[in-house]
1. For the range 117-167, what are the residues that are in a loop (DSSP other than H, G, I, E, B) and either touching a Leu at 6+ places or on another chain (Cβ under 8 Å) or of a type in the set (D, E, K, R) (or both)?
2. Checking the structure you have, find out if any residue of the range 224-231 is under 17 Å from the mean Cα position of the chain (by Cα) and assigned to a loop (DSSP other than H, G, I, E, B).
3. Residues being farther than 25 Å from LYS46 by Cβ and open to solvent by 70 Å² or more (accessible area, probe 1.4 Å): count how many of those fall in the range 65-78.
4. Which helices (runs of 4 or more DSSP H) sit wholly inside the range 1-116 and have at least 3 residues that are farther than 30 Å from GLU290 by Cβ?
5. Quick one: what pairs do we get from the range 1-19, first residue under 9 Å from LEU32 (Cβ atoms), second assigned to a helix (DSSP H, G or I) and open to solvent by less than 10 Å² (accessible area, probe 1.4 Å), C-beta under 7 Å, 6+ apart or different chains?
6. Quick one: how many residues across the range 142-177 are within 22 Å of ARG90 (Cα to Cα) and either in contact with an Asp or Glu (Cβ under 7 Å, 6 or more places away or on another chain) or among the hydroxyl-bearing types (Ser, Thr, Tyr) (or both)?
7. Of all residues in the range 252-291, how many are part of a strand (DSSP E or B) and not small (Gly, Ala, Ser)?
Amino acid sequence: MDFRHLKYFVAVAQERSFTRAAERLYISQPPLSRQIQQLEEELGLKLLDREARPLALTEAGRFFHGRAVRMLEQLDETIAMTRRLSQVDRRLVIGFVPSTMYGALPRIARLFRARRPQVPLVLVEKTTVEQGEALKAGQIDVGFGRVRFDDPSLKREVLREEPLVLAIPTEHPLAAESGPVSLVQAAAFPQLVYPRKPRPSYADHILSLFRDMGLEPAEVQEVQEMQTALGLVAAGMGLCLVPASAQRLRRDEVVYRPLLESNATSPIIMSTRLNDQSEDIALLRELIDEVYRLQQAEKLEAERKSMPVLTGPRSSP
């Protein structure tokens, strides 16, 4: 038995068809059938129910499929980490969800390029779910996403909880006030959520905030991107909950209001392969803390400058 047998079996198990699996593997069907037969003979049991339509896994086949997928993922991860350690393919590939580009990520990327000019830095847009698969396949080295999920082969760290704000059309009744607005008020109007797929996604996180309070939005429209959602807000088609950093994407027809609920936040999550000890990733993590400290200092300075200057009564001559 070798990894080729595992790869072939996983393809057949996922496609539920020798024909489609052979096309996916770019081989003809007879050699593929022989490889699966050899695997079953070595194990001494049947993995596939060939009489079923479509092809089905036996109970043993379902168990073996789960373990085979895990072993292939570990192989891909080992290859990627070995290349990194040998510096044959040394570069840092970061997967990100679009909303993180309005926060600290651009500044972090600039600092990394300044500190490590010899290491090519690549930024690739991917949803949080796609980042997990890309990490395990060795396609990216770091992911910045917003959706919590559990995967024992990945290390995930919540960097911060970013407050959400409500994007409102300028002509909307909720846009007339300046203070915080509640989710109860927002739920009375149509909501725009994104992305439409893949799921689970940021859209599910937003909808769960309403449902955790026993609320159901009056109407929900799913779109694929945040920019599309904000464009529809500007057109008066509904409201949209977005991370506070998205306010930098200014539109004349959109007003942003903070939320009353303190738990209405969106996590920024950094994901890496579980045992990746790359010095580039270690530097990136240091730069994240550095940028967050700078942002906090800049915020405090801006608040200090905006405070009115208090002067005491003039003393008599």
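1. Within the range 117-167, VAL119, PRO120, LYS126, ASP141, ARG146, ARG148, ASP150, ASP151, PRO152, SER153 meet the criteria.
2. Within the range 224-231, one or more residues are under 17 Å from the mean Cα position of the chain (by Cα) and assigned to a loop (DSSP other than H, G, I, E, B).
3. 2
4. Once the helices (runs of 4 or more DSSP H) in the range 1-116 are filtered for at least 3 residues that are farther than 30 Å from GLU290 by Cβ, what remains is 3-15, 18-25, 29-43, 59-86.
5. Cβ pairs passing all conditions: TYR8/LEU32; TYR8/ILE36; ALA11/ALA21; VAL12/ALA21; VAL12/ILE36; PHE18/VAL12; PHE18/LEU32.
6. Of the residues in the range 142-177, 1 are within 22 Å of ARG90 (Cα to Cα) and either in contact with an Asp or Glu (Cβ under 7 Å, 6 or more places away or on another chain) or among the hydroxyl-bearing types (Ser, Thr, Tyr) (or both).
7. Residues flagged as part of a strand (DSSP E or B) and not small (Gly, Ala, Ser) within the range 252-291 amount to 13.
Per-residue answers, yes or no, for (1) touching a Pro at 6+ places or on another chain (Cβ under 8 Å); (2) closer than 30 Å to THR82 by Cβ; (3) among the charged types (D, E, K, R); (4) open to solvent by less than 20 Å² (accessible area, probe 1.4 Å):
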site	(1), (2), (3), (4)
GLN131	no, yes, no, yes
ASP141	no, yes, yes, yes
PHE144	no, yes, no, yes
GLU157	no, yes, yes, no
ASP204	no, no, yes, no
SER208	no, no, no, no
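The values are calculated or read from the model by the stated rules, or taken from the named source; none is laboratory data. The model shown is predicted, which means the values in this text are computed figures rather than measured ones. Because the Cβ atoms are built from the backbone with ideal geometry, glycine has one as well, and the counts that use them run over all protein chains shown. Side chains are part of the model used for accessible areas, which takes the heavy atoms of the whole protein and leaves out ligands, DNA and RNA. Shrake-Rupley method; radii C 1.70, N 1.55, O 1.52, S 1.80 Å.
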